[in-house]
């Protein structure tokens, strides 16, 4: 399983450990991923996603998963998140 956030696309970064003697060794910065279950109010069901804690705060800030997905760029979203976004758009279009 790749270490990539399904909503924001946040992934592993690389850098250096720098010692007091200024020796540099390579290291990895891993995103803080958690398995979260979020409620989609448009679809009326819960969705389980592997997202970063930063993305979880962003979802809360945007008043829920539906609003976050509709505002998010497709490049950052995983295939599962894109499928959700498409379902939400379809359901909202049918409601109008």
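Please treat every number below as a calculation from the coordinates, not as lab data. It should be emphasised that the depicted structure is a prediction, and the values quoted were computed from it without experimental measurement. Every residue, glycine as well, gets a Cβ built from its backbone with ideal geometry; the counts of neighbours run over all protein chains shown.
Within the range 11-40, being exposed (fewer than 10 other Cβ atoms within 10 Å of the Cβ), in a strand (DSSP E or B) and out of contact with any strand residue (DSSP E or B) (no Cβ under 6 Å at 6 or more places or on another chain) holds for one residue alone: 26.
Scanning the range 41-81 for residues that are loosely packed, with under 12 Cβ neighbours inside 10 Å and part of a helix (DSSP H, G or I) gives 57, 61, 71, 79.
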